[in-house]
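Q: Below: one structure in structure tokens.
Nothing in this text is a laboratory measurement; each read-out follows from the coordinates by a stated rule. This structure is a prediction, so every number in the text was calculated from the model and none was measured. A quick note on method: Cβ atoms are made from the backbone with ideal geometry, for glycine too, and the neighbour counts reach across all protein chains shown.
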Amino acid sequence: MRVLWAAVTHPGRRRASNEDSFCARPDIGLFVVADGMGGHVAGEVASRLAVDAMEATIVSGECCADGSRPLSQAEQRLQAAFQQASRSIVSETSQHPRLRGMATTASALLVSADGWAIGHVGDSRVYLWRAGVLQQLTRDHSWVAEQVQLGVLSPEDARQHPWRNVVTRALSASDVPIVDFAPFSPQPGDRLLLSSDGLHGVIPDQVLGEILGSDAPLDSICQRLIDAANAAGGPDNITTLIVHVDAT
Ligand code: CA
């Protein structure tokens with residue numbers, strides 16, 4: 001199945017630097033958005049290290065079959081990629097004390113002939129737009145998402161909450177990452193959106209869905225999403241990556 005893609009990243013209106021990183025590698029089937037944390041240059045380093053390690057692992061063809069359930073081939077390849085990303089952050093942190101405390105989220109889509117898979121850790125998301133309906137495929141590893149699940153906060157409260165940026169899982173030197181994996185069955189016309197919280201933490205899902213489903217070229221849809229987040233204040237770095245499943 002052929003895919004088309006587009007991506008745009010922007011620092012937003014309040015931050016001097018952009019700690020988000022992404023990769024779009026249709027040649028190896030890998031699409032990733034990572035949102036780094038750690039201040040100064042550390043956040044940027046963490047997200048870039050993770051993305052680079054994931055690309056290299058997918059190129060190498062390495063698999064990892066650890067898990068509480070049997071994983072598909074694509075999930076095993078993604079799992080190896082996340083493990084390598086984690087090792088890369090551990091190793092770089094131990095060599096450079098100024099990077100101590102750096103961490104990153106990562107949301108990834110692997111497109112391959114023998115199956116597709118999604119993996120994620122943290123609060124970067126993967127959405128599916130299918131036949132006019134937007135669905136969030138990943139569940140945030142964040143404090144506010146846990147409160148929403150418990151019924152303590154509404155999704156709207158979560159967007160405004162002072163602790164909205166607190167992630168409960170990430171790739172870092174201090175934790176063994178617990179990454180969620182899921183197989184994905186694409187259908188012609190599907191659109192997948194990988195985003196950092198500078199987008200979905202600012203724009204309601206209904207608006208996201210309206211923009212994502214429009215007939216415009218994919219790169220202008222990405223830009224409209226970025227513009228919408230900036231129009232809403234642009235408090236954080238914003239990354240949008242769209243993968244469109246071609247009907248032909
Ligand atoms: Ca962020």
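Q: With the chain treated as a Gaussian network of Cα nodes joined by springs under 10 Å, which of VAL51, VAL167, VAL32 yields the largest mean-square fluctuation?
A: Evaluated over the chain, the most mobile residue of the options is VAL167.
Q: What percent do you get for the relative contact order of the chain when only Cα pairs under 8 Å and 6+ apart count?
A: In percent, rounded to a whole number, it is 27.
Q: Over the alpha-carbon set of region 165-248, divide Rg by the Kirkwood Rh and report the Rg/Rh ratio to two decimals.
A: My calculation of the ratio gives 1.03.
Q: Here is a follow-up. Which value in nm describes the separation of the simple spin-label points at GLU146 and GLN95, placed 7 Å from the Cα toward the beta carbon?
A: In this crude spin-label approximation the distance works out to 3.4 nm.
Q: Would you be so kind as to identify which of MET102, GLN83, VAL166 lies farthest towards the positive end of the dipole of region 41-170, taking Lys and Arg as +1 and Asp and Glu as -1 on Cβ and the Cα centre as origin?
A: Of MET102, GLN83, VAL166, it is VAL166.
Q: Oh, and also: Within the chain, which complete DSSP H helices have Cα atoms spanning at least 18 Å along the helix axis and a mean Kyte-Doolittle hydropathy of -0.5 or higher?
A: Qualifying helices, which must be both long enough and hydrophobic enough, are 42-60, 218-231.
Q: Please work out whether region 169-214 counts as rounded, prolate or oblate from its C-alpha gyration tensor, where a ≥ b ≥ c are the square roots of the eigenvalues and a/c under 1.5 means rounded, while otherwise a/b larger than b/c means prolate and anything else oblate?
A: Oblate, since a/c reaches 1.5 and b/c is not below a/b.
Q: For region 96-151, take N as its residue count and report Rg(C-alpha) divided by 2.2 N^0.38 Å.
A: 1.50
Q: Considering only SER88, SER196, SER112, give the residue with the highest GNM mean-square fluctuation for the chain, with springs between Cα atoms whenever their separation is below 10 Å.
A: Comparing SER88, SER196, SER112 in a Gaussian network model of the chain, the most mobile one is SER112.
Q: Moving to a separate point now. Within a Cβ distance under 11 Å of ARG130, other residues only, what is the Lys/Arg minus Asp/Glu net charge?
A: 0
Q: Still on this structure, please answer the following. Which net charge results when you count Lys and Arg as +1 and Asp and Glu as -1 among the other residues whose beta-carbon is under 15 Å from that of VAL59?
A: -2
Q: Which stretch or stretches of region 200-223 have amide N atoms under 18 Å from the point lying 7 Å from ARG13's Cα along the Cα→Cβ direction?
A: Residues 200-204, 208, 223 fall inside that zone.
Q: Based only on Cα atoms, what Rg/Rh ratio does the chain have, Rh being taken as Kirkwood's radius?
A: 0.94
Q: Summing -39500 (n - 2.57) over the DSSP H runs of n ≥ 4 in the chain and dividing by its residue number, what mean residue ellipticity at 222 nm do you reach, to the nearest 500 deg cm²/dmol?
A: -10000 deg cm²/dmol
Q: Between rounded, prolate and oblate, where does region 1-66 land on the alpha carbon gyration tensor, with a ≥ b ≥ c its root eigenvalues, rounded for a/c under 1.5, else prolate if a/b exceeds b/c?
A: Judged from the Cα gyration tensor, region 1-66 comes out oblate (a/c at least 1.5, b/c at or above a/b).
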